[in-house]
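The values are calculated or read from the model by the stated rules, or taken from the named source; none is laboratory data. What you see is a predicted model, and the numbers here were worked out from it, not measured in a lab. Using ideal geometry, Cβ is built from the backbone for each residue, glycine included, and neighbour counts are taken over all protein chains shown.
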Amino acid sequence: MTRQLDFALNRRAFLAHYAGSLGGLALASLMQDNASAAPTLNIPSGTHFTPKAKSVICLFQHGGPSQMDLFDPKPMLTKHQGKPYEGELETHFHTQKGNVLASPFKFSPAGACGMELSEILPHTAGIADEITLVRSMKTDSVDHEAALRLIHTGKIFAGRPVLGSWVVYALGTERQDLPAYVVLGDPGGLPVDGTKNWSSGFLPAAYQGTVFRSGDNPVANLRQPADISATARTSQLDFLQKLNTIHQARYPSNTELAARLSQYELAAQMQTSVPDILDISGESAETRALYGLDSPKTEEYGRRCLLARRLVENGVRFVQVFLSGQPWDTHSNNAGNLRDLCARADQPSAALVTDLKHRGLLDSTIVLWTGEFGRLPISQQADGRDHNRHAFSLWLAGGGFKRGYVHGATDDFGYASIENIVTIHDLQATLLHSLGLDHRRLTFPNDGRQDSLTDAEVTRARVIHDLLA
Amino acid sequence: MRDLMLSRFRTLGCLALIGTFSLAASADDPAHRVTDLFKTRCVKCHGPVEPKGELDLSSFAAMAKGAAGEPVVVPEKAEESTLWIRVQEGTMPPEDSGDGPLADDEKQLIADWIKAGAPGLTDSDAVHWAFQPVTSPAVPALTDGAGLRNEIDHFIQQRLQAADLSLSPEADRVTLIRRVALDVTGLPPTPKEIATYLADSSPDAYERMVDRYLASPRYGERWGKYWLDAAGYADSNGYFNADSARPLAYRYRDYVIRSLNADKPIDQFVREQLAGDEIAGYVPGGDVTPEMVELLTATHYLRNSQDGTGESDGNPDERLIDKMTVVEGALQITMTGLLGITVQCARCHSHKFEPIRHDEYYKLQAILSPAYCPDRWSKPNERRVQIGTRDERATHEHKVAQVNAQITALKNSLEAVATPLRDQLREERLAKLDVPERTRLQAALATADKDRTEEQKTLIEKHKQLLEISEDDIAERFGDFAALRTQIESSIAEREKERPAPLEEISVLVDMPGEPIPHHRFERGNYKDPAEVVEPGVPAALCPSSNEYVSPEWKVDQPSTGRRLEFARWVTSPDNPLFGRVFVNRVWRDHFGTGIVATTENLGVSGARPSHPELLDYLVSTFIREGYSAKALHRWILSSATYRQRSTPEPAGLEKDPENRLLWRFSPRRLDAEAIRDSMLAVSGVLDTTMFGPAVPVSRTGEGSVIVPEDAAGAHRRSIYLLQRRTEGLTMLELFDAPVIVTNCTARTSSTVPLQSLALLNSEFALDRAREFSHRLRSEEDTTESRVTLGFLLAVGRAPFPAERHATIEFLQTQRKLYAEKSNAEELCWNDLCQMLMASNAFLYVE
């Protein structure tokens, strides 16, 4: 949640970080208890260099989408279909190892760039010329929770800030009456690992994601009680303002008290601004059709992708769209489940990119489509695929990333990334870079040291400039 | 430099803008700034353990030793100092250090410091301040002691005078009682308590008031929560998404509350939590007498870390990591919570900042390894013991078996009667079928299951209803059977009454039986890569010769290794330099908002320096000498003129020390989450003060908020008794920064966000409390004037100021007009007033 004080926090943090001894002076002046004017600290972003992007939409596909069935064609699998896999494989369910499992889906070149994509991603194929497809991702865990924490926070253990929190901590927001970091949850329930997916960890709680729930009360306590009229509420707030002003008079210089005074007004503004943004009735029939709102299969996910665009359009910095549970976790009936999931997610995901582009927002918005890991080239029992941390695919669009570009490669079976490997830490460093942030300098004190998202000293995270235009 | 600033910033995070920050006086000191710069930019390589080039820049003392004995700093002569030369030419820090070159002003700082004669270099202490023994500094003698109340004030006033400041005058009585009540009990003072205090004209009225609150059972419920946060308490296992329940954890919560209320000496309190089983002489499978229960319950302290091993389903490597994560968590909780030092870095490599070696991390693990041994692992739900002596448990088991046997016999006797009757009834039913069908069915029934044809199976399925004869069917057909059944059922009920209540259980940490399996150091923290065997031990840097860890020898048939008992002794020894300092500093923080060391969770080399080092040691040495009484410490702090100051600002103080680091006033601060919720319950008159027992369940609404349903039993109990699943914290509390426990929380943040305002304006909880508060006012007082007075007295601890009263009366008039049409207009007006009072800053802040 962003608000004036956050900017105060934020600005201080940056001054402390980057301004050297000058920061000391500025810090001292900021800390002065006599800034009697209500804080007007809505400062511009604290970037380290000129940013390409200013907002991020993460379409998170948890469970581990199968790269060899979606993004990474492997003829060798067809050749060895049903035969034992030669060589070592790391599995999660080690007692259920099967033989090589070919993808039943056809791949064909898409767009002018000729990027090969699976037949169950026809809409993604339609935006092939807009995206960077990374086929050489790598992470460190085959356990869902741990892998989710890795891709969101950089480490396997809980308690660390997610990417969105770091971004909001660094960049603040443009709209005080909206949360800077919004999570669009699945009406079906929380994703695996629940609220940790948008936790601010050791950063102040103000930087955590705010879930916009489906239904008519999207934010906790947003709805005004039915029996309190607008006039009654106005006079309540007037009275509260009077009480707080009397209190404040004893502490003329206390910026926190002043900020709390203004929070009630912001809260009241939120009561209209949030429902306004969530109201999509003003969207054209064309737009609705683009996102698939006219089809029951795509309606729900399409709606949330459309909301993601509306949020970014209105100055929200970071949006995450989740699915309930871990749908891409295709331990059984891999092909059938994928067909079904793509029917649900493919069109809305591609529509978001198209729509952002159409509105001139794509250059300043990064769209990230990814899961937490990939899947194995062999079957799990009869027709499933087990987890794989050694390779997975993802795509990025907008925000300074290349268009119509395929990065990296896996081995012949798609088991491990071998060429131009991108670790999840590299991905994080590169995303921050595109937002104008140096991952090594975006730090916060934790456990007695300057901690960061990428912890580059340990992880060797680096910006993958090849991904950027 | 950066380090220090960010330490300040972190404090800011904790306290938002009321905050006080490590003071300019020390921060601006070039010597300190230069060490801070080294810490952030150089110590990663030039640290206390295996420093590169044999140059340790982590302290002046180490720096003075030079690189492999060669001096690197020549005071006053920067150009002759190797350190400056390297920095100036840009070879240090090296390019591959990852942080880029030093900024010009950073370089300048180093040059200036050397040119100034390298102050601090030669007269420095050899050891980081917090690792040195606690001293007993003399109380500063002041020429003017006017207005001072105890020794604390002397230390504070001395620093204030040096800065040309002084303590603010004492706050008025109504402010003081609200401050003390909320501070000590987490609840606002009642009108009666206020009246008693105001009417007490004796000179020690204030002290007596403080003592009344310290004696209140509500004290342990407030301060217990802080302890539980630092101990990482939760009612669930965490780690995996399942976040499975810890149904017995509440007993540890109750143990903490009871111990604090009883003012159990803190050293004993901690020893019980680290090694209660070994103190009690518990033998696995042996007696658990009433005297042992408390000691065993205490050991749940080491069970608070996340534990996913009940749900692990991964491959063997993953399972090993899952187990070792439990040990790591327990160690992290212990070291940050009790000793204020971070050790996790040393899991993979020797600590870059703290003098903790890689192998020492595993020595610490080895203390816990007999209890948390991956090769003899118990899942979380298995780590429990039944209360009772062996004999009592055997008797209990016997009694249960007896009751079970009797009940089985009764059931069998009924069945014996039922069997022939069932056959008879079946025949009667079959008789109603036509003959060919009956014959076929009888033939099918006579055939063994496996030999039946498909046709026969279908036939049986078709007549399923006819063939299935329940006891009820028999009872309906045969009156005698029905009578017999009733009789037997009542006999069973009689027997059930004799069934003894299940034995109570406690969740514990005890050593696994048998000779301990050797523990290893693991290369780079990789549990698949064991290196040499390590003996149990503790970091050498924390061991003065008077307090070393002596690993107990293993003897056959010994019930427990004694490793934790020795660790408990070592931690709580008066010669442990950190234990007393960490505890006292945290108590200070919880009274004043900022610790004497601002980084309460970190007193190590990378932590902040104390604002009043002599005061801290004076408090600690006295605390230790007088028997580790927390209540005595509270009483001492609360009695000081420093604590009793006004909170309103003075121009001189704002100008010279805006962050109030020198304590020229009492800093106002927002109530914490639990105090807000509990105070709203108290003010509205519905607080349920039931203590102890299983947690009050919470539930997630369809919209995603976590609430306590208003009609749930215990819905109005204090927040500490609500279920604290890691993934299901009460929304109302989390909005106001209640910690979400992952490992533990030794310092909270305090945020100011519109979601908090929305909760106070629109939440069911706020609206319900407002209605009750309103009802209370209307039933206790008759006139508008007296209701307004009582409303303010309850919510903010005093009668309204004239301006507040005026605004209130005006507001009531406005609302009366608005609600004129409604039948319950009067009620609505008061509801609105009450809700706004509980949303006001005067309610939310303690002054």
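Worth a mention:
- Cβ-Cβ under 7 Å pairs, at least 6 apart or on other chains, region A:233-247 side modelled with pLDDT of 90 or more, far side among the aromatic types (F, W, Y) and in a helix (DSSP H, G or I): A:S235/B:F811; A:L237/A:Y264; A:F239/B:F811; A:L240/A:Y264
- Here the helices (runs of 4 or more DSSP H) wholly within region A:38-144 that include at least 3 residues being over 16 Å from A:N388 (Cα atoms) are A:75-79, A:122-126.
- Among the residues making up region B:776-804, those that are touching a Phe, Trp or Tyr at 6+ places or on another chain (Cβ under 8 Å), free of Cβ contacts under 8 Å to residues at least 60 places away in the same chain and either within 30 Å of B:L730 (Cβ to Cβ) or within 12 Å of chain A (Cβ to nearest Cβ) (or both) are B:L777, B:R778, B:G791, B:P800, B:E804.
- Of all residues making up region A:266-283, the number that are more than 7 Å from chain B (Cβ to nearest Cβ), surrounded by 16 or more Cβ atoms within 10 Å (Cβ to Cβ) and not in a loop (DSSP other than H, G, I, E, B): 6
- Yes/no for A:L338 being farther than 23 Å from A:E299 by Cβ, of a type in the set (A, V, I, L, M) and not in a strand (DSSP E or B): no
- Qualifying residue in region B:424-436 (condition: farther than 15 Å from B:L484 by Cβ, of a type in the set (V, I, T) and over 60 Å from the mean Cα position of the chain (by Cα)): yes
- Among the residues of region B:631-659, those identified as assigned to a loop (DSSP other than H, G, I, E, B) and over 15 Å from B:D153 (Cα atoms) are B:S647, B:T648, B:P649, B:E650, B:D657, B:P658, B:E659.
- Pairs with Cβ under 6 Å, 6+ apart, first in region B:339-361 and at positive phi, second aliphatic (A, V, I, L, M) and buried (at least 23 other Cβ atoms within 10 Å of the Cβ): B:G340/B:V582; B:G340/B:L603
- Of all the listed residues (B:Y361, B:Y372), the sole one being modelled with pLDDT of 90 or more and within 14 Å of chain A (Cβ to nearest Cβ) is B:Y361.
- Test result for B:Q835, without any contact (Cβ under 8 Å) to a residue 40 or more places away in the chain and either in contact with a Phe, Trp or Tyr (Cβ under 7 Å, 6 or more places away or on another chain) or facing chain A (nearest Cβ under 10 Å) (or both): no
- Set side by side, the residues A:K74, A:K97, A:K106 differ, and just one is of a type in the set (D, E, K, R), in contact (Cβ under 8 Å) with a residue 24 or more places away in the chain, away from chain B (no Cβ under 12 Å) and in contact with a Ser or Thr (Cβ under 8 Å, 6 or more places away or on another chain), which is A:K74.
- Some residue of region A:187-209 being in a loop (DSSP other than H, G, I, E, B), crowded, with 24+ Cβ neighbours inside 10 Å and either more than 10 Å from every other protein chain (Cβ to nearest Cβ) or without any contact (Cβ under 8 Å) to a residue 24 or more places away in the chain (or both): yes
- Residue list for region B:684-708, restricted to those being over 22 Å from B:R246 (Cβ atoms) and not β-branched (V, I, T): B:S684, B:G685, B:L687, B:D688, B:G702, B:E703, B:G704, B:S705
- Here B:L83, B:L37 are screened, and the one residue that is under 28 Å from B:F131 (Cβ atoms), without any contact (Cβ under 8 Å) to a residue 60 or more places away in the chain, in a helix (DSSP H, G or I) and of a type in the set (A, V, I, L, M) is B:L83.
- Entry remark, region A:74-97: residues being crowded, with 16+ Cβ neighbours inside 10 Å and modelled with pLDDT of 90 or more number 5 in total.
- Qualifying residue in region B:369-384 (condition: surrounded by fewer than 22 Cβ atoms within 10 Å (Cβ to Cβ), touching a strand residue (DSSP E or B) at 6+ places or on another chain (Cβ under 7 Å) and not in a loop (DSSP other than H, G, I, E, B)): yes
- Evaluated against (1) farther than 27 Å from A:E265 by Cβ; (2) at pLDDT 85 or above; (3) facing chain B (nearest Cβ under 9 Å), A:S229 falls short on exactly one condition, (1).
- Counting only residues that are in a helix (DSSP H, G or I), closer than 21 Å to B:G562 by Cα and more than 14 Å from chain A (Cβ to nearest Cβ), region B:282-329 holds 13 of them.
- Checked against (1) more than 12 Å from chain B (Cβ to nearest Cβ); (2) among the charged types (D, E, K, R); (3) out of contact with any helix residue (DSSP H, G or I) (no Cβ under 6 Å at 6 or more places or on another chain); (4) touching a residue at least 24 places away in the same chain (Cβ under 8 Å), A:E119 passes all but a single condition, namely (4).
- Among the candidates B:S757, B:S751, the residue that is within 30 Å of B:A242 (Cβ to Cβ) and at the interface with chain A (Cβ under 7 Å from one of its Cβ atoms) is uniquely B:S751.
- Scanning region A:217-234 for residues that are loosely packed, with under 15 Cβ neighbours inside 10 Å, part of a loop (DSSP other than H, G, I, E, B) and among the hydrophobic types (A, V, I, L, M, F, W, C) gives a single hit, A:A226.
- When the residues of region B:805-832 are filtered to those that are in contact (Cβ under 8 Å) with a residue 40 or more places away in the chain and surrounded by fewer than 17 Cβ atoms within 10 Å (Cβ to Cβ), the one that is farthest from the other protein chains (Cβ to nearest Cβ) is B:E826.
- Some residue of region A:142-150 being within 21 Å of A:I421 (Cα to Cα), among the hydrophobic types (A, V, I, L, M, F, W, C), over 20 Å from the mean Cα position of the chain (by Cα) and within 14 Å of chain B (Cβ to nearest Cβ): yes
- Region B:104-115, subset surrounded by fewer than 18 Cβ atoms within 10 Å (Cβ to Cβ) and not acidic (D, E), residue farthest from the other protein chains (Cβ to nearest Cβ): B:K115
- Taken over region A:416-446, the criterion of being touching a residue at least 40 places away in the same chain (Cβ under 8 Å) and more than 29 Å from A:D129 (Cβ to Cβ) is satisfied by A:D438, A:R441, A:L442, A:T443, A:F444, A:N446.
- Filtering region A:287-314 to residues that are in a helix (DSSP H, G or I) and under 23 Å from A:Q176 (Cα atoms) leaves A:R304, A:C305, A:L306, A:L307, A:A308, A:R309, A:R310, A:L311, A:V312, A:E313.
- In region B:277-288, the residues that are of a type in the set (G, A, S) reach residues that are outside any loop (DSSP other than H, G, I, E, B) with C-beta atoms within less than 6 angstrom, at least six apart or across chains, in these pairs: B:A280/B:M292; B:A280/B:L295.
- So A:E286, is it surrounded by fewer than 16 Cβ atoms within 10 Å (Cβ to Cβ) and within 23 Å of the chain's Cα centre (by Cα): no
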